[in-house]
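Input: a single structure, listed below in structure tokens.
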Amino acid sequence: MTRRPPFPPPAAGLGPSADERLLGPPVVSPTVTVAGIGAAAARAVLAPAGPARRLAQIALPVALLGWLVLAPVQAPFPAAGFGWWAGLASGCLTIFGLLLLARVDWRCGIGRLAQTAALAACLVALLHPAPGDRTALIALTLCALGLWAAALVPDLADLRARPEMPPWRARLYRRAALRWHGSARQWLAWERACRALALAGLLAAFALQTDLALTLASLGDRSDTLLPVALVVGAVLSGAGLIAALAAALRRAPGFDGFVTGRHLDILGRLILALGLAGLYCHVTEAVVAGLYGAPPERAALAERLAGTGAPAFWTLLGVGLLPTQALWVGAARHSPVTLGLVGALVALGAGAGHVLLVPPPATGYAAALLAEMAGPAALFGLGLIAAFRLVPAVSVAEMRGLALMHNRRPVTLPAGAAGPPPEAGLAAAFASEAALVEALRGLGTLDALPLEAHGPAPMPEAAAALRRDERAVREAALVGGALAGLAFLAAEVLRAPGSLSDIPALAWARLAIPALAAAAAGAALGAGAALAWHLRRPAAAPPSDWREVFVLTLMPDTQSPSAGALARRLSALPEKAGRPLALRRAEPAS
Amino acid sequence: MSVDERGAAARKALGAKTAAGYFLDPARRSLAAFVAGAACLALVAWLDGLARLAPSYLAAWTCLLALPAGALPVAIMIERADAWRPQPETALLETLRGLLALMPVAALLALPIPFLAPLLYPWTQGAEIGGGPDTPFAALWFSRAAFAVRLAVTFALWIGLALLFARRGGEPWGKAGRIDDGRAVLGLGLHTVVGTLAADDLVMAVDGRFHAAAFGLLAMAAWSSLALAAAVLIAPPDIGPARRRHDRMTPLAVLLLVSAGLHAVQFLMLGSDPAAAAWYGVRGGTAGRALMIVSGLLVALAAALTLRPGDNRTRFVAAFVVAAHLAEMAWFVTPSFAGKFRIGTTDLLALAGVAGLAMGLTPPLRRLFPGLAVTPAWPGREAARRFTERR
């Protein structure tokens, strides 16, 4: 067996840098380059299945078939399964959404895992009967689907142009990527759409968990105000556990250990530890407040949970879902992919017990229902993940490129000027970095007369600012979509309610705010997605296909225009370190 | 000569010959504030009696406690977030660390509370808690000795945490060591437990029947929102040649949303519970509804302004947030005694009294806890430094 090299590779004779001393290992391996990321992603989606995946591809369908044939048609955990899968989806989307909105750069290695797991968990949750209203879950599914699809667009555009792609895959990727060419305006729209979808997903996740808590409270006659908080914490904890387990597994894939580094494992471990403490806080506080201040029925319910019929589920939650997180106080446990993956998987499984506590026990018994859940919905979830990662890369190529450009600067070499294909129109100039492209734009001076566009392998906020590009459609569409959907939901509820408006009690109005928030999130997601699709359907000049890993400045008019030649001369005359391009190409004259 | 001494000399040189300068001299200012604060409280006690003073004092003291106790988790979070950002948010963080210096002051001013307990907490009068018979544990818990011990432990832990997280003020990153050394998780965890204990023991317990497990989180979110808004108001902007202005509106809006969300969830979850209905009933008069509407509008305004943040807009919102949260601290406490929510002269005098006592006690307590005296970015100090340099 080949022994895997340690990561990060030990620096020969050098101690850790100041950054490393302060922050720990880097978020991306020093060996990762812009060109290498796309190639690794293409290799991963085309790679033949290894032994583990082959085993999973056989075992999971067998389990699913067995469940379909042997088990009753209905879901094994009707309400608890709904809560569990909805919690996993909410947790994954919440973690990724928060990291994206806070612009935390280490999210890049785990972002696609979180998005895909969230979407798959949403779809599995939809198979379970909901204890109450399904609006929030549908909203969460829309947000997860929108975010997953939007984040994929640049990656699919990269894959469609790779020569090693079979024709059917290239066709599929070409259609899905629309007219993506990585222009500054497209990157702006893409970033804003992803942020809007992430925010909508956060709101939908909050609405889903709160709605679930309110429904369960009304069903079980509970008035424990920590229940919504406990559900949110449990959901995020189970999501973090699932992401950690998937990240630990992904790290075993060849070529991916530079993307999911020791730093990811360390931070995920800390996150799980903190959320585990938060989960313990919720359960202990609930028990103490019920014990000290609670009325006799509350105290009886607490005793029932600790030592009565709820005891197996409660102690499973504590022993499997919460206590193993405390092992992550030890640094070695956080840094070990096996330990972290195991703790993550236990935490994700243990969250199910928390939902069992909230509903009547299943008729078949807890153990049988859990086995059926693992054979059916969980097998479907696993198959969904395997199928997704056969089609799309398991890490975000675009975001990893941005990270590599920030952390691993390398000298860029290009093929000779005449070797590659010419641009579709006008002029194309290649630059090693976004900063060099911006320097060139500054050197050119007045830009208003020149229809220029910048293209790059990663988001280019500085270039967009230099070109005075702005994008408002996504934000406006999301706000309008959210407002319209929220109001439409409220109007529909008012029309459905018997009697006049004054007959609706104040508490019912307040209660409506939660599904209305979910509807607004769904509307915002649809608005942002539609605005991004509108951007990607607009015609745009494409840079030369072999320059997709460098920054390119293009001129729109055809080469017969005198401005193309003049611009080429002005660019070539710029000083070498102040914006002179690495290479220039002009379109062939029209015959 | 230290920055403090230079500032004092500058102010002395400016105002020594005027009456205002005489009273505002740093050497006398704290004593004057202490005497004025004590006079305010004595006046309330003389006019309205101790029974009326006690809830107002508790509400005013909660406002004071909110500054250091709310600043603690925000400082920890900003410190952690700075580890992921290219440029740290220095001035706001230093201002929050400056607020931590109020923790021993709040601890000292909490001393009257165990003595005022018979006027504040129904359990001291033998009232039934939660509508059921006391368990042995509850009987032990709801005793005045246990209450005093819990208060002492609470403040010992809080002062320890304040010392731990204020100590990093002014240290260059290189000297501060690994940022993710576990202090953040430990600090946040301990603060959450201690804060819940304090909120339940000191604030929620003023109503004998009402109880909510999320009340601790709700109070801590309000404290943090108040502390952050106060820090935004007094912190100077981060300046420098290559420095980008940090957006301070977003963290403020997030905390406001968390606080408002917890309020909404508590209200929805308690639903038609009779004890909760009574609790909300005495807080839901005209003034209570006005406070709720204004707070809701503030949350919406802060959320909308995250799309167009700016220093002046953030300070404008922060000023209203401080006012709304100060009123909220009274909303938590005084209606349980007065039967309705209103802020009267007694409450304002009590607030002025506690503020005066705090201003008077802060300098000597800062000398007692030198680890808390690390506030290099206060605007007054900077102005004083510039003044002495000009001279």
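The values are calculated or read from the model by the stated rules, or taken from the named source; none is laboratory data. Small disclaimer: the values here were computed from a predicted structure and weren't measured. Positions of Cβ are generated from backbone atoms using ideal geometry, with glycine treated the same way; all protein chains shown enter the neighbour counts.
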Is one or more of the residues making up the stretch A:345-359 within 14 Å of chain B (Cβ to nearest Cβ) and either touching a residue at least 60 places away in the same chain (Cβ under 8 Å) or surrounded by fewer than 19 Cβ atoms within 10 Å (Cβ to Cβ) (or both)? yes
A:A198 passes all but one of the listed conditions (1) surrounded by fewer than 24 Cβ atoms within 10 Å (Cβ to Cβ); (2) in contact (Cβ under 8 Å) with a residue 40 or more places away in the chain; the exception is number (1)
Subset of the stretch B:206-229 (residues that are buried (at least 24 other Cβ atoms within 10 Å of the Cβ) and away from every other protein chain (no Cβ under 12 Å)): B:A219, B:A222, B:W223, B:S224, B:S225, B:L226, B:A227, B:L228, B:A229
Go through (1) under 22 Å from the mean Cα position of the chain (by Cα); (2) buried (at least 21 other Cβ atoms within 10 Å of the Cβ); (3) within 12 Å of another protein chain (Cβ to nearest Cβ) one by one and return the number of the condition A:L479 breaks. (2)
If we scan the stretch A:238-259, do we find a residue that is within 14 Å of chain B (Cβ to nearest Cβ) and more than 19 Å from the chain's Cα centre (by Cα)? no
Count - residues of the stretch A:495-545 that are more than 20 Å from A:A485 (Cβ to Cβ) and touching a Leu at 6+ places or on another chain (Cβ under 8 Å): 3
Filtering the stretch B:123-135 for residues that are within 12 Å of chain A (Cβ to nearest Cβ) and at pLDDT 80 or above leaves a count of 1
Kindly indicate which of A:L275, A:L216, A:L231 is within 13 Å of chain B (Cβ to nearest Cβ), over 25 Å from A:T31 (Cβ atoms) and either in contact with a Pro (Cβ under 8 Å, 6 or more places away or on another chain) or part of a loop (DSSP other than H, G, I, E, B) (or both). A:L216
Has the stretch B:275-289 got at least one residue that is modelled with pLDDT of 90 or more, under 30 Å from B:L100 (Cα atoms), over 17 Å from the mean Cα position of the chain (by Cα) and among the polar types (S, T, N, Q)? no
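Rundown of residues vs (1) among the hydrophobic types (A, V, I, L, M, F, W, C); (2) modelled with pLDDT under 85; (3) touching a Ser or Thr at 6+ places or on another chain (Cβ under 8 Å), yes/no style:
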residue: A:G402; (1), (2), (3): no, no, no
residue: A:A416; (1), (2), (3): yes, yes, no
residue: A:A419; (1), (2), (3): yes, yes, no
residue: A:L427; (1), (2), (3): yes, yes, yes
residue: A:A430; (1), (2), (3): yes, no, no
residue: A:A435; (1), (2), (3): yes, no, no
Output yes when any residue across the stretch B:103-121 is modelled with pLDDT under 75, buried (at least 16 other Cβ atoms within 10 Å of the Cβ), within 14 Å of chain A (Cβ to nearest Cβ) and assigned to a loop (DSSP other than H, G, I, E, B), and no when none is. no
By residue number, the members of the stretch A:282-313 that are facing chain B (nearest Cβ under 9 Å), hydroxyl-bearing (S, T, Y) and out of contact with any Ser or Thr (no Cβ under 7 Å at 6 or more places or on another chain) are A:Y293
For the stretch A:297-380, please list each of the helices (runs of 4 or more DSSP H) lying entirely inside it that holds at least 2 residues being within 24 Å of A:Y281 (Cα to Cα). A:311-316, A:331-335, A:337-356
Only residues that are in a helix (DSSP H, G or I), touching a residue at least 60 places away in the same chain (Cβ under 8 Å) and within 15 Å of A:W84 (Cα to Cα): list them for the stretch A:120-137, please. A:A120, A:A121, A:L123, A:V124, A:L127, A:A136, A:L137
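Check the stretch A:168-187 and report whether any residue there is assigned to a loop (DSSP other than H, G, I, E, B), touching a residue at least 12 places away in the same chain (Cβ under 8 Å) and under 19 Å from the mean Cα position of the chain (by Cα). Full working, then the answer.
If we filter the stretch A:168-187 for residues that are assigned to a loop (DSSP other than H, G, I, E, B), which is where we start, we get A:177-182.
Still in the list and also touching a residue at least 12 places away in the same chain (Cβ under 8 Å): A:177-182.
From what is left, the residues that are under 19 Å from the mean Cα position of the chain (by Cα) are A:177.
Within the stretch A:168-187 (the criterion being assigned to a loop (DSSP other than H, G, I, E, B), touching a residue at least 12 places away in the same chain (Cβ under 8 Å) and under 19 Å from the mean Cα position of the chain (by Cα)), the answer is yes, since at least one residue qualifies.
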